[in-house]
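This report refers to the structure that appears directly beneath it.
Derivation of every value follows stated rules applied to the coordinates shown; laboratory data play no part. What you see is a predicted model, and the numbers here were worked out from it, not measured in a lab. With ideal geometry, Cβ positions are generated from the backbone for all residues, glycine too; neighbour counts draw on all protein chains shown.
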Amino acid sequence: MFIVQAAEWLEATWVSVAIRESIWVYPVVESIHVVTIALFLGLTAAMDARLLGAALRETPVGVVMANLLPWIRIGFAVMVVTGLLLFAGTPVRFMTNIFFQVKLGLLALAGLNVWLFHYRLYPTVHEWGAAARPPRHARLAGAASLLLWTLAVATGRLIAYNWFE
Amino acid sequence: MSLQSFFVWCEHTVIGTTVRESIWMFPIIEVVHLIGLAVLGGAILLVDLRLVGFGLHGVPIASLARSARPFLWASLALTIGSGLLLFLAEALKCYENPAFWLKISLLILALLFAGLVRSRFTQDAGVGPLHLGARLSGAVSIVLWTGVAAAGRGIGFW
């Protein structure tokens, strides 16, 4: 299979070998990846809670997002870079791990949700964002975001286990 | 009873044994612990970033803190509850683990700091610029909680 072959090629590169053989790179990178969950998912959850009308109800959605998005973007960038490094260390194991495969699917769905929200709902935020309880589509986007990112973190943690192999 | 024999007793409790001997319980509790970490991080950062001066400008800290409070308590209960279960499953390993002791020390410091120092600044109902003390308290809080999380992950690597 092409994907496994690509993973095998990556695993043979010096970058992959360096990550795998260093005693401190993996723990440090993984710790950063885990701690950044608090920044990325924590503030995403706060934003989603606002979209659901469950928190920060007096503050317009547009204000909440304008202030939190820069931090969420920083968190996301750190998650992606550290995640790629972790992946590059043992790509074959990741690609053949069921939890990693499910996680990739969840990330794709979460990304689709972000895209839909930003291009379909966010442009008109000044019309609906002041409501304590935003309209149905916005609440739906918030709920989907919360569910998908939470499951992505959950399956990410479970990559360490191989129950089905 | 010495501290070590207390940890041995913890490991032999019914709960500790059950979690340790199950294939799936420990991983699932770890996941719950991580989700709790995310919510806790959000509830803390929302207020701390605002304290430091980078967060939701124009929203009074007191109202941010009030909004975050239910999530803060719920996530604290979730992380401490799941953390206790993980601890009971491998109490003896924790006893010999410097990362565990570092984490517990930082956790106590973070909780004390939140209750005794940070709480004085989170009652500010104004929206004006913050003085140095408030900004520092936000920064110290972020550093302490980051340390708790990082040392926590460190337990698994030791």
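Within chain B, which DSSP H helices have Cα atoms that stretch 24 Å or more along the helix axis and a mean Kyte-Doolittle hydropathy of at least 0.0?
Membrane-span-like by this criterion, though nothing is claimed about a membrane: B:25-52, B:61-89, B:132-157.
Could you give the DSSP H helices of chain A that reach 30 angstrom or more along their long axis (alpha carbon positions) and whose average Kyte-Doolittle hydropathy is no lower than 1.6?
Going by DSSP H runs, the hits are A:61-89.
Run lengths n ≥ 4 of DSSP H only: what is the helix-derived mean residue ellipticity at 222 nm for chain B, with -39500 (n - 2.57) per run over all residues, to the nearest 500?
So the calculated ellipticity at 222 nm is -26000 deg cm²/dmol.
Where does the charge balance sit around residue A:159 when Lys and Arg score +1, Asp and Glu -1, over other residues with C-beta under 9 Å from its C-beta?
With Lys, Arg at +1 and Asp, Glu at -1, the net is +3.
Around residue B:86, under 11 Å between beta carbons, what's the net of Lys plus Arg minus Asp minus Glu among the other residues?
Counting the neighbours of residue B:86, the net charge comes to 0.
Once you have the Cα-Cα distance between residue A:161 and residue A:143, take 0.36 nm times their residue separation minus that, and quote the gain in nm to one decimal.
3.7 nm
Evaluate E = 1/(1 + (r/R0)^6) for residue B:95 and residue B:136, where r is the Cβ-Cβ distance and R0 equals 41 Å; express this FRET efficiency to the nearest 0.05.
Once the sixth-power term is evaluated, E becomes 0.70.
Along Cα→Cβ, 7 Å out, is where each label goes; now give me the distance between the ones at residue A:81 and residue B:6 in nm to one decimal.
4.3
The range A:14-149: percent of C-alpha pairs farther apart than 23 Å?
41
What value, in deg cm²/dmol to 500, does the helix sum -39500 (n - 2.57) over DSSP H runs of n ≥ 4 give at 222 nm once divided by the residues of chain A?
One gets -25500 deg cm²/dmol as the mean residue ellipticity at 222 nm.
Need one word for chain B: rounded, prolate or oblate. Basis is the Cα gyration tensor (sqrt eigenvalues a ≥ b ≥ c); a/c below 1.5 gives rounded, then a/b vs b/c decides.
Note, shape of chain B comes out prolate.
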